[in-house]
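Student: Let me begin by handing over the structure; questions about it come next.
The values are calculated or read from the model by the stated rules, or taken from the named source; none is laboratory data. Quantities reported herein were computed from a predicted structural model and do not represent experimental measurements. Please note: Cβ atoms are built from the backbone with ideal geometry, for glycine as well, and neighbour counts cover all protein chains shown.
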Amino acid sequence: MASPFKVFRKNQKLWIVGLIMVAMFGFVFLPTILDTMGGRTTTNPVAFTSRYGDLTEYELQNLQERQRRILGILIDLYRPLGYSEENVEGIFGGSTPEEVAASWLLAHRAREMGMVVGDDMIKEFLNQFAAAGIDVQSLKMLIRRSLRSERTFMELMREVLLVRLYKNYFECSLDAVTPAQRWDYLCRVKQQAEIEAAPIYAADFLGRIEEEPTEEELRKFFDEHKDKLPLPYSAEPGFKRPQLVELEYFKAEIDKFDSPEAISDEEVLKWYLANKEKYDREHQPPAVETPKAAVETPKAAADEEKTPPEKQIPTSEKEGPAGADGGEAKPPTEQNKTPQPTSPETEPKAQPKAQPKAQPKAQPKAQEEKVPPKSTSSAGRSPFVFASFQQPDDVKEAKPKTPEKPAPAVPEEKPKTEAEKPAAAEKKPPATDKGAAKTDSPQTADKSENGPSDEVRKTIRREIAEEKIGVLFKRLSDEMDRYRAKRNEYEYGSAAKREGRTPPEPLDFDKLAKEHGLTAGGTGPIADWDAAESEIGSALLKNKLERVWRHAFGAMAKLRPEEAETLGGDTKYLFWKTRDTREEVPKFKDEGVREEVLRAWKMDRAWKLAEKEAEKLAAEARQTGKPLAVTFAERKLRVIQPPPFTWITLGSTGTGPAMLSDVEGIDYAGEDFMRTVFRLQPGEIGTAMNAPKTAAYVIRLIEFEQPYKALWAMFKADDFRKYAPAAQFDRQQTYLDWIESIKTEAEFKWTDAHLKLMREAEDARQGG
């Protein structure tokens, strides 16, 4: 039989031509046909369009990966300086598609304006990390680990620094604040408004929405907002399920544990006797002692005080007094270290100043040790010591020493003048002084006869109470640990071990709390914005400055007991996390989702009806000219009168970050509400929606607490830096508006294909 290769060799030219034609058809026409038929399984659609060019999905993903790698290096560089990952991302931008696209636009805009980042700028930027211990070798190691190429690192750094530089130029423009703006910010922080307000709730108008959406409209409304969380302070609908955490806790209040009924006097006395030295030392009032040198030589000390500073003997041993003839300074000796009393009559008129001449060959050892340190951070003692700031060792060295044969100028007899009699009176027998000290100190007498003082008793009761609470928490913590071990054994053990067994019975917190004199509590499933304002959520972790709610929504493990307390330590908690669910995007077909979407769709129209009703009622109130409580009395409309409030608060200390003030009775007042209130004049009436647009308010301003003159005096006297944080809301909004203007000028737009891919990816992440 003839070989197949013989046929091929005989017609090889025709075969080659045919293969070439098939290849040409495949490369040129087949992709178009498959696209038309929808038969391509892998595509690279355009992600977004702009006048600077279009980026495909692959190019966008490549930008994201490059940004993640350079951020990894920058995070390692900034970590020794105390920066967190969030701080670094805030400076250089994150790696999400939206953030990467914004950085890409800003880089093109910067180059369009002629901005350039050279190698010298990159090197100067890297030099700042040298002080933190990042040397060249460490940097190269970071680069090799993330990028494997120094050239790639320089390219990426050039890009991120260009974006950062462009942002800095814009942010610098926000620092300029006019006097009118400063006045506005001061009023926002200092001026208090007293109002009355009548709420009109949007939910009351849901029944008036006669329009019914189609199924397609509902699905479109759901798709537009399904990736957003339902934030309680936002008017934008959100259908994404937030992360939910559930906490259980025991609460111990110090007042219940340190009362006289809870701790007997015998316990206090026993505790005191066991720690007597500690309390005597901590609560002993400082004794007022007369310096020994002043007692021994009162006239010498008095004369020394009268002596002008330039005529006093230096307290430092660096150099001795210059000779009377202006000669070379001599090393200090026992004789010349003794202060010699002088008087204006016997003292020479002019004292020659010491000249900076060569030191004598023989120097005392103390003089050699007092060499000035090379830098301010070096350890060592300064050679220049003021007498009033001398330490005990310095005083001992500098105090006058009585020579064996006193100098004739030093009087040995008792003072004879009336002015010197009190000094002589101080020379009482030591026993008399000690006896007087005992008599004058009621605390000492109290301790010797009746035990510790009231102040010490209060301290001891607090310490005993904290120790008792600690013992109780340890006992309960052990019980909680045993339950966790049983639970883990049941849940993560083999099927054979679980067969025929029931889950361990949960701990009865109420029963345990009652047995130990504590209070039990729980949050139920709660989102972070509610947890932050809860009792346990606002407490601080023990020995840390981190709020419980942040820890619970972060790295806290389930069923692991931890301790927390209020800021002053008056209330202590033992708590654990029993539940933690992740954020998720629901499906429209899930149970209850359609009803939720329909209500949000109607609420989006109901708040507009509430706003119109509020305007109608405000017009009626303006005509009467009476308080709202009187005007709406017959309508039975609820009128609230919250305590006076400011637009912005800087925290309890007045130095914290700027936040909108809470208004009692108003749910999430918001910027529009505050702006309306503080633009009114006393007696005027206005309307405003709250931030989530769940209620419209008719508002009447009663008065401002601070008169204009008082505010003006503050404006002239106060440093702007005290209330500068009040500008952060305007700065943030201006920055966001600037980014949007950049996108608008660049004609930036996400494609439908990209939005579809994002939805499909989210659905796949949630399990299809």
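Student: Considering only the range 162-196, state which residues are aromatic (F, W, Y) and surrounded by fewer than 16 Cβ atoms within 10 Å (Cβ to Cβ).
Tutor: Answer for the range 162-196, where residues must be aromatic (F, W, Y) and surrounded by fewer than 16 Cβ atoms within 10 Å (Cβ to Cβ): Y169, F170, W183.
Student: For the range 627-644, what are the residues that are assigned to a helix (DSSP H, G or I), surrounded by 15 or more Cβ atoms within 10 Å (Cβ to Cβ) and of a type outside the set (S, T, N, Q)?
Tutor: L628, A629
Student: For residues in the range 221-271 being β-branched (V, I, T) and assigned to a helix (DSSP H, G or I), which is modelled with the lowest pLDDT?
Tutor: That would be V268.
For (1) in contact with an Asp or Glu (Cβ under 7 Å, 6 or more places away or on another chain); (2) of a type in the set (A, V, I, L, M); (3) not in a helix (DSSP H, G or I), each residue gets a yes or a no:
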residue	(1), (2), (3)
L126	no, yes, no
S138	no, no, no
E155	no, no, no
V177	no, yes, yes
A180	no, yes, no
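Student: If only one of A600, A606, A614, A629 is closer than 20 Å to L206 by Cα and in contact with an Asp or Glu (Cβ under 9 Å, 6 or more places away or on another chain), which one is it?
Tutor: A606
Student: Considering every residue within the range 647-670, establish whether at least one is part of a helix (DSSP H, G or I) and exposed (fewer than 15 other Cβ atoms within 10 Å of the Cβ). Spell out how you get there, then give the answer.
Tutor: Start the filter on the range 647-670 by keeping residues that are part of a helix (DSSP H, G or I), which leaves 670.
Filter once more, keeping what is exposed (fewer than 15 other Cβ atoms within 10 Å of the Cβ): none.
No: the range 647-670 contains no residue that is part of a helix (DSSP H, G or I) and exposed (fewer than 15 other Cβ atoms within 10 Å of the Cβ).
Student: Could you grab me the full set of residues in the range 530-549 that are surrounded by fewer than 18 Cβ atoms within 10 Å (Cβ to Cβ) and closer than 11 Å to V245 by Cα?
Tutor: Selection gives D530 alone.
Student: Can you tell me which condition K542 does not meet? The list is (1) farther than 30 Å from E216 by Cβ; (2) touching a Leu at 6+ places or on another chain (Cβ under 8 Å), and all the others hold.
Tutor: (2)
Student: Would you mind finding the one in F205, F239, F221 that is closer than 30 Å to K626 by Cα and not basic (K, R)? Lay out the reasoning, then the answer.
Tutor: Numbers: F239 fails: closer than 30 Å to K626 by Cα; F221 fails: closer than 30 Å to K626 by Cα.
Exactly one residue qualifies, and that residue is F205.
Student: Something else now. State which residue is nearest to the chain's Cα centre (by Cα) when the search covers only the range 175-233 and only residues that are closer than 30 Å to D528 by Cα and β-branched (V, I, T).
Tutor: If we take residues in the range 175-233 being closer than 30 Å to D528 by Cα and β-branched (V, I, T), then V189 is nearest to the chain's Cα centre (by Cα).
Student: Turning to a different aspect of this structure: So in the range 52-108, with the set limited to residues that are surrounded by 14 or more Cβ atoms within 10 Å (Cβ to Cβ) and among the hydroxyl-bearing types (S, T, Y), which one is modelled with the lowest pLDDT?
Tutor: Y83
This table checks each residue for (1) touching a strand residue (DSSP E or B) at 6+ places or on another chain (Cβ under 7 Å); (2) closer than 30 Å to F48 by Cα; (3) touching a residue at least 40 places away in the same chain (Cβ under 8 Å).
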residue: R66; (1), (2), (3): no, yes, yes
residue: E86; (1), (2), (3): no, yes, no
residue: S95; (1), (2), (3): no, yes, no
residue: A110; (1), (2), (3): no, yes, yes
residue: D119; (1), (2), (3): no, no, no
residue: G133; (1), (2), (3): no, no, yes
residue: S138; (1), (2), (3): no, no, no
residue: L142; (1), (2), (3): no, no, yes
residue: Y166; (1), (2), (3): no, yes, yes
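Student: Which of the residues that make up the range 523-562 are of a type in the set (S, T, N, Q) and in contact with a Ser or Thr (Cβ under 6 Å, 6 or more places away or on another chain)?
Tutor: Correct list: T523, S534.
Student: If you take the residues of the range 683-740 that are closer than 27 Å to E620 by Cα, without any contact (Cβ under 8 Å) to a residue 60 or more places away in the chain and of a type outside the set (G, A, S), which of them is surrounded by the most Cβ atoms within 10 Å (Cβ to Cβ)?
Tutor: Within the range 683-740, the match that is surrounded by the most Cβ atoms within 10 Å (Cβ to Cβ) is N690.
Student: Right, another one. Give the residues of the range 632-673 that are of a type in the set (S, T, Y) and farther than 19 Å from P725 by Cα, sorted by residue number.
Tutor: Scanning the range 632-673 gives a single hit, Y668.
Student: In the list D672, D667, D752, which residue meets the criterion of being farther than 19 Å from L186 by Cβ, touching a strand residue (DSSP E or B) at 6+ places or on another chain (Cβ under 6 Å) and of a type outside the set (G, A, S)?
Tutor: Result of the check over D672, D667, D752: D672.
Let's see how each residue does on (1) out of contact with any Gly (no Cβ under 6 Å at 6 or more places or on another chain); (2) part of a helix (DSSP H, G or I); (3) of a type in the set (S, T, Y):
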| site | (1), (2), (3) |
| --- | --- |
| T676 | no, yes, yes |
| Q706 | yes, no, no |
| S741 | yes, yes, yes |
| A753 | yes, yes, no |
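Student: Please state which one of K514, K572 is part of a strand (DSSP E or B) and either at pLDDT 90 or above or out of contact with any Leu (no Cβ under 6 Å at 6 or more places or on another chain) (or both).
Tutor: It is K572.
Student: Right, something else. Pull out all pairs, ordered by first then second residue, where Cβ-Cβ is under 7 Å, the residues are six or more apart or on different chains, the first lies in the range 451-474 and is more than 14 Å from K270 (Cα to Cα) and charged (D, E, K, R), and the second is surrounded by fewer than 20 Cβ atoms within 10 Å (Cβ to Cβ) and at pLDDT 90 or above.
Tutor: R462/I254
Student: Moving on to the next point. Under the condition of being closer than 14 Å to E194 by Cβ and of a type in the set (S, T, Y), which residue from the range 616-665 is nearest to the chain's Cα centre (by Cα)?
Tutor: Going through the qualifying residues, I end up with S661.
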